[in-house]
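Enquirer: Before we start, here is the structure in question, set down as structure tokens.
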Amino acid sequence: LILIIGLSVSATYAQEITLTTTTANTIASRVIIDMPALSNNPDAIIVATLLGRTATLNPHPIGAWYYNGKWSIFNTNHTSLPMGATFKVEVFLTPDANHFLHLVTKENLSGEGSYLDNPALNNNPKAQFKILQNHAPDNRSNYLNKFEAKAEYNAAAGKWAIKNVNGEPLYPNTAYNVVISP
């Protein structure tokens with residue numbers, strides 16, 4: 001019983017690393033996350049935060065990209081990453097109710113963006129969570145959004161919606177990792 005409880009707790013626990021771009025781990029617009037538990041795990045949920053002067057070094061929207069059995073952080077507009085960019089990367093090896101993949105569909109897409117439907121977020125304008133685009137062409141057909149996205153609460157709908165900061169439309173089959181804070 002203790003082992004089962006321990007495994008269920010560890011499945012939802014974030015593994016956190018600091019990832020800095022170097023010539024050894026960066027290929028053009030992406031930096032490879034070297035974490036053995038992520039290898040061949042296309043279902044992992046990853047969010048990344050810019051650290052230090054990275055926003056100045058790399059003023060481009062980022063996402064998580066699964067390719068050839070490895071996860072990377074990448075510039076969604078494919079601009080090359082500068083050396084010395086640093087990210088705080090949180091990894092959840094198994095999706096669950098508070099760490100999940102949101103797929104933009106025709107059904108959840110409106111003029112306000114793509115509505116998230118989750119009990120912890122619905123009717124909760126003060127909810128705290130992070131989003132990060134998830135691009136995984138190896139295991140699903142999805143659209144790459146080259147623009148920066150944000151989540152915004154719609155009081156009339158009682159739901160949060162993901163939308164592009166610049167007002168450009170989202171397209172079905174774009175995917176986002178969502179990590180809800182406790």
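The values are calculated or read from the model by the stated rules, or taken from the named source; none is laboratory data. This is a predicted model, so every value here is computed, not measured. For neighbour counting, all protein chains shown are included, and Cβ atoms are generated from backbone atoms with ideal geometry for every residue, glycine included. The accessibility values were calculated without ligands, DNA or RNA, using every heavy atom of the protein model including side chains. Shrake-Rupley method; radii C 1.70, N 1.55, O 1.52, S 1.80 Å.
Enquirer: Quick one: in region 43-60, which of the residues that are outside any helix (DSSP H, G or I) and open to solvent by 30 Å² or more (accessible area, probe 1.4 Å) is nearest to residue 100 (Cα to Cα)?
Expert: Let us first name the residues in region 43-60 that are outside any helix (DSSP H, G or I), namely 43-53, 58-60.
Going one step further and asking which of them are open to solvent by 30 Å² or more (accessible area, probe 1.4 Å), we end up with 43, 49-53, 59-60.
Values: 43: 9, 49: 17, 50: 21, 51: 24, 52: 27, 53: 29, 59: 26, 60: 24 Å.
So the residue we want is 43.
Enquirer: Tell me the residue from 155, 175, 149, 161 that is under 21 Å from residue 49 (Cα atoms) and without any contact (Cβ under 8 Å) to a residue 60 or more places away in the chain, please.
Expert: Details: 155 fails: under 21 Å from residue 49 (Cα atoms); 175 fails: without any contact (Cβ under 8 Å) to a residue 60 or more places away in the chain; 149 fails: without any contact (Cβ under 8 Å) to a residue 60 or more places away in the chain.
One residue alone meets the criteria, 161.
Enquirer: Of 124, 134, which residue is of a type in the set (S, T, N, Q), assigned to a strand (DSSP E or B) and out of contact with any helix residue (DSSP H, G or I) (no Cβ under 6 Å at 6 or more places or on another chain)?
Expert: On the way: 124 fails: assigned to a strand (DSSP E or B).
That would be 134, the only listed residue that is of a type in the set (S, T, N, Q), assigned to a strand (DSSP E or B) and out of contact with any helix residue (DSSP H, G or I) (no Cβ under 6 Å at 6 or more places or on another chain).
Enquirer: Just one of (1) buried (at least 19 other Cβ atoms within 10 Å of the Cβ); (2) in a loop (DSSP other than H, G, I, E, B) trips up residue 73, so point out which.
Expert: (2)
Enquirer: Could I ask something else about it? What residue, among those in region 140-158 that are over 27 Å from residue 59 (Cα atoms) and surrounded by 11 or more Cβ atoms within 10 Å (Cβ to Cβ), is modelled with the lowest pLDDT?
Expert: Looking at residues that are over 27 Å from residue 59 (Cα atoms) and surrounded by 11 or more Cβ atoms within 10 Å (Cβ to Cβ), I get 140.
Enquirer: Out of 74, 92, report the one residue that is closer than 24 Å to residue 172 by Cβ and at pLDDT 95 or above. Working first, answer last.
Expert: Details: 92 fails: closer than 24 Å to residue 172 by Cβ.
Result: 74 is the single residue among 74, 92 that is closer than 24 Å to residue 172 by Cβ and at pLDDT 95 or above.
Enquirer: Does residue 126 count as within 29 Å of residue 26 (Cα to Cα) and either modelled with pLDDT of 95 or more or under 15 Å from the mean Cα position of the chain (by Cα) (or both)?
Expert: Working: within 29 Å of residue 26 (Cα to Cα): no; either modelled with pLDDT of 95 or more or under 15 Å from the mean Cα position of the chain (by Cα) (or both): yes.
No, not satisfied.
Enquirer: Name the pairs: first residue in region 96-117 and closer than 15 Å to residue 158 by Cβ, second residue surrounded by 15 or more Cβ atoms within 10 Å (Cβ to Cβ) and hydroxyl-bearing (Ser, Thr, Tyr), Cβ to Cβ under 8 Å, at least 6 apart or on different chains?
Expert: Between residues of region 96-117 that are closer than 15 Å to residue 158 by Cβ and residues that are surrounded by 15 or more Cβ atoms within 10 Å (Cβ to Cβ) and hydroxyl-bearing (Ser, Thr, Tyr), the close pairs are 108/114; 108/115.
Enquirer: Consider residue 85 carefully, then state whether it is hydrophobic (A, V, I, L, M, F, W, C) and either open to solvent by 20 Å² or more (accessible area, probe 1.4 Å) or closer than 23 Å to residue 168 by Cβ (or both). Can you show your working first?
Expert: Details: hydrophobic (A, V, I, L, M, F, W, C): yes; either open to solvent by 20 Å² or more (accessible area, probe 1.4 Å) or closer than 23 Å to residue 168 by Cβ (or both): no.
No: the conditions fail for residue 85.
Enquirer: Give region 95-109 a look and list any residue that's surrounded by 14 or more Cβ atoms within 10 Å (Cβ to Cβ) and either among the hydroxyl-bearing types (Ser, Thr, Tyr) or assigned to a loop (DSSP other than H, G, I, E, B) (or both), or say none. Quick ask: steps written out before the conclusion?
Expert: As a first pass, look at region 95-109 and keep what is surrounded by 14 or more Cβ atoms within 10 Å (Cβ to Cβ): 95, 98-104, 108-109.
Matches in region 95-109: 95, 98, 104, 108.
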